[in-house]
Amino acid sequence: MRYELEKPVTILTLQRHMPVSFDQLTLHYQPQMTADGTQVASAEALLRVLNPRGELMGPADVLRHFNAPEDAEALDWWVLRTACKDALKWPSITVSVNLTAERFRDDTFPDRLAALVRELGLPPQRLELEIVENSYIADFDRAVTNITRLRALGFRIALDDFCTGYSSLTYLLKLPVDKIKIDKSFVDDVEMTKSAAIVLALVAMARGMGLKVTAEGVETEGQHRMLRAAGCHYMQGWLFSKAVDAEALSAMLQPKSHPARHRA
């Protein structure tokens, strides 16, 4: 089955007299580094929109206008198609995409996604799907069935913003995921005793379940040292790189280049 998103879809409005179309959307990518901070292992796709004043705005400025289910679905598929196309330029890394909880309740989603990557020629192992942990999954049985199907097709699943929602352990126990991403709110204070104890416990639990762990929002060398000692597999944050456009990420991945540590 082919799901076509090349045609014009919905026109959104950020403010009065400021229409935004899919042509104005773009993706930036934030690298996820190996634990030692020397290699780019993957990159997270982050939605950006260029408004009529030429300013680059973040996803929150757009998402609040996607009230209709068909708009949210169209946006998810636009992001997936764009990220998969970009991922073809970077055979050495995987690309991760955040999706709304509704996609994981859609019984047609696994086969439609498999058809998309087959059409584009992207191995499914190169695409990681992130579930935002504080999103609400009403039908766990259906979500588990669909996620199990996605993993069988080769896609990887990550639980994003772990421990920021109301049902963290329920999600971890019931959903067959491959990775958890420790939220920045825990990383910020990881050099303090209480936060360090929580992070150590989270990493030990995840590793005991055979899961990979990414620490998000790493901004200082001290945080990096603590998180590496705790056993995190991957690091993501401004200590290593802010989110960059596809061209800049391509430059970072060139042979003999060294990932720059950008601070905005």
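The residue of the stretch 107-121 that is nearest to Asp71 (Cα to Cα), among those that are free of Cβ contacts under 8 Å to residues at least 60 places away in the same chain and buried (at least 19 other Cβ atoms within 10 Å of the Cβ), is Phe109. Flag: Asp76 matches the condition of being in contact with a Ser or Thr (Cβ under 7 Å, 6 or more places away or on another chain), assigned to a helix (DSSP H, G or I) and either closer than 20 Å to Val244 by Cα or modelled with pLDDT of 75 or more (or both). Which of the residues belonging to the stretch 110-156 are over 23 Å from Gln32 (Cα atoms), part of a loop (DSSP other than H, G, I, E, B) and acidic (Asp, Glu)? Correct list: Asp139 only. Looking only at the stretch 174-218, residues that are over 13 Å from Ala158 (Cα atoms), β-branched (Val, Ile, Thr), modelled with pLDDT under 95 and not in a helix (DSSP H, G or I) come to 1 in all. For the stretch 155-167, the criterion of being crowded, with 19+ Cβ neighbours inside 10 Å and in contact with a Pro (Cβ under 6 Å, 6 or more places away or on another chain) is satisfied by at least one residue. Within the stretch 8-23, one or more residues are at pLDDT below 85, over 17 Å from Lys85 (Cβ atoms), touching a His at 6+ places or on another chain (Cβ under 6 Å) and part of a strand (DSSP E or B). Just one of the numbered conditions (1) in contact (Cβ under 8 Å) with a residue 24 or more places away in the chain; (2) closer than 30 Å to Ala251 by Cα is not true of Phe104: (2). Taken together, the residues in the stretch 240-264 that are modelled with pLDDT of 95 or more and touching a helix residue (DSSP H, G or I) at 6+ places or on another chain (Cβ under 6 Å) amount to 1.
The values are calculated or read from the model by the stated rules, or taken from the named source; none is laboratory data. Predicted model, so just to flag it, every value in this text is computed and none were measured. Every residue, glycine among them, receives a Cβ derived from its backbone with ideal geometry; neighbour counts consider all protein chains shown.
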